[in-house]
Structure formats: structure tokens, C-alpha cells
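Asks: Questions regarding the structure given below will be posed in turn.
Here, each number is a calculation from the coordinates, and none is a lab measurement. It should be emphasised that the depicted structure is a prediction, and the values quoted were computed from it without experimental measurement. In this analysis, Cβ positions are derived from the backbone assuming ideal geometry, glycine residues included, and neighbour counts consider all displayed protein chains.
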């Protein structure tokens, strides 16, 4: 997992068993950088307070009404293309 900034927007990019996902990179709890957190299976874990979001759909693990935006991803060679 890594953090990238595209057009001023922070994204968390996660590779789960060869499938690459992109989602908002800022935790809604305290604005932590999610791309600097941990990846447990499909769950992105916030580095500050351990909030967890599914990288496939942006859904919070305990409160599904909290959902981060996800983005379509295409991998071409060594490039990861994210549709904003």
C-alpha cells in the first residue's frame, strides 16, 4: 500500500493479491493519511486511530454508512492509472 497525491487529492493505493485499488487517502475521523497505514487483507487501517476501510468499496468496518470514495484503476505495465 502507498500514498499518492493526484491533482491535489490524496489517495491510498492498495495491492490485494495482484488487484490494485484506489480510494480517498484521508481518514474522516481525524484526517490521517490512510496510505501510510497498514493493509490487512482488503482492510486499510488508519495509522492514527485504527479505523478500517475496505479498499474495494471504501466502506468502514463497523459503520457502513461511513464510506470513502473509490476510484477505477487500470494497470498498464509499471503504471497505475486512476480515474478521478
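Asks: Neighbour counts of other C-beta atoms within 10 Å: give me 11, 39 arranged from fewest to most.
Replies: Lowest to highest Cβ neighbour count: 39, 11.
Asks: While we're on this one: Between residue 61 and residue 3, what is the label-point separation in nm under the 7 Å Cα-to-beta-carbon projection?
Replies: About 2.0 nm separates the two model spin labels.
Asks: Could I ask something else about it? Let me have the relative contact order for the chain, percent, based on Cα pairs under 8 Å that are six or more residues apart.
Replies: Worked out over the chain, it gives 21 percent.
Asks: Of 62, 21, how do they rank once you tally other Cβ atoms within 10 Å and put the fewest first?
Replies: 62, 21
Asks: Regarding the chain, what are the three Cα extents along the principal axes, ordered largest first, in Å?
Replies: Result, largest extent first: 35, 28, 21 Å.
Asks: Moving on. Arrange the following residues from fewest to most other Cβ atoms within 10 Å of their Cβ: 1, 23.
Replies: 1, 23
Asks: Please compute the modelled spin-label separation between residue 19 and residue 80, points set 7 Å along Cα→Cβ, answer in nm with one decimal.
Replies: Distance between label points: 1.5 nm.
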